[in-house]
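Note sheet for the following structure.
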Amino acid sequence: MRQTLIFIATFLGVLSSFGQTLKRQTNETADTFAIRYKPDSTELAHTVLETNSIDTAKKIIIAFYKKTIYEVRQMDTYIDHSQYNILIGYSFLPLGNNEYQKKLIDTLYPDGGDPEIIAIFFANADKDKGRELVILRKVEQQHYDMSGAFYETFIYDFTKGDFIYMKKLSETFLGCECGWRDGETEKANYKTAKNIRTRLAKMGYRQ
């Protein structure tokens, strides 16, 4: 019988500062602020955004961080060591007087390979006037019978201070830029922000 022991780097750093009031220093850039309040053992995975594209009355800071997870598995005859990366997204919502509330947007896990953020942008993806947050990521694939990359889109509606994942719409943009051992190939249609905006416009969402 195989017994598995998994030791994963603690997520206390991820949870720290969550829900707390954070103070931004005078003239502090969004990058410096986001780095100062980053989760433990992480690094920025993409350019930090400070924008009022979602809430025109307030400039919200959005930051995604990369965290490496280390695992050790005790197999029947050997110990397996492995590691993979996850992406953790946070928003910093302004409260006034240079104070912010830090809230989790989402955690994006690997899908056959480590995820890489290609673009973070805003687009209209529903019937209201506000724009939605869009994350485009690439996940490299290297397997026995195929290789290439998945292109995945994650769309979030901003509602009452929270980012709500629009699962059904997001999954329509999934594509694989892949080749198989038998010679077959597949092209991904949505590999850029422009591709995604164009498709959303054709679906009736004014950009």
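The values are calculated or read from the model by the stated rules, or taken from the named source; none is laboratory data. Here the structure is a predicted model, which is why all the values come from computation and not from measurement. Cβ sites come from the backbone with ideal geometry, for glycine too, and all protein chains shown count toward neighbours. The area values use the complete protein model at the heavy-atom level, side chains included, leaving out ligands, DNA and RNA. Shrake-Rupley method; radii C 1.70, N 1.55, O 1.52, S 1.80 Å.
At-a-glance table
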read-out: Candidates G112, G161, G183, ranked by Gaussian network fluctuation over the chain, Cα under 10 Å, top entry; value: G183
read-out: Filter on K67/K129; K138/K168; K102/K187 - keep pairs with C-alpha separation over 30 Å; value: K67/K129; K102/K187
read-out: Accessible area of the chain belonging to carbon and sulfur atoms, whole % at 1.4 Å probe; value: 49 percent
read-out: Calculated from backbone phi, Karplus (6.51, -1.76, 1.60) coupling profile of segment 130-141 in Hz, x at Gly/Pro; value: x, 8, 9, 7, 10, 10, 10, 10, 10, 10, 5, 10
read-out: Å² per residue, accessible surface of the chain at 1.4 Å; value: 57 Å²
read-out: Charged-residue dipole, Cβ positions (Lys, Arg, Asp, Glu), segment 85-207 about Cα centre, Debye nearest 20; value: 740 debye
read-out: Selected from E28, E184, E99 as most flexible by GNM, with the chain as the system and alpha-carbon contacts under 10 Å; value: E184
read-out: Ordering of 139-148, 100-109 by burial proxy (mean other Cβ atoms within 10 Å per residue, highest first); value: 100-109, 139-148
read-out: Highest-MSF residue in the chain out of T51, T153, T185 [GNM, Cα springs under 10 Å]; value: T185
read-out: About the Cα centre, charge dipole magnitude for the chain (Lys/Arg +1, Asp/Glu -1 at Cβ), debye; value: 920 debye
read-out: As computed over segment 80-207, the Cα convex hull volume per residue (Å³); value: 131 Å³
read-out: Furthest towards positive pole of dipole, F64, N189, Y156, structure part the chain, Cβ charges; value: Y156
read-out: Dipole of segment 10-166 [Lys/Arg +1, Asp/Glu -1 at C-beta], most positive-end residue of I135, Q20, N98; value: N98
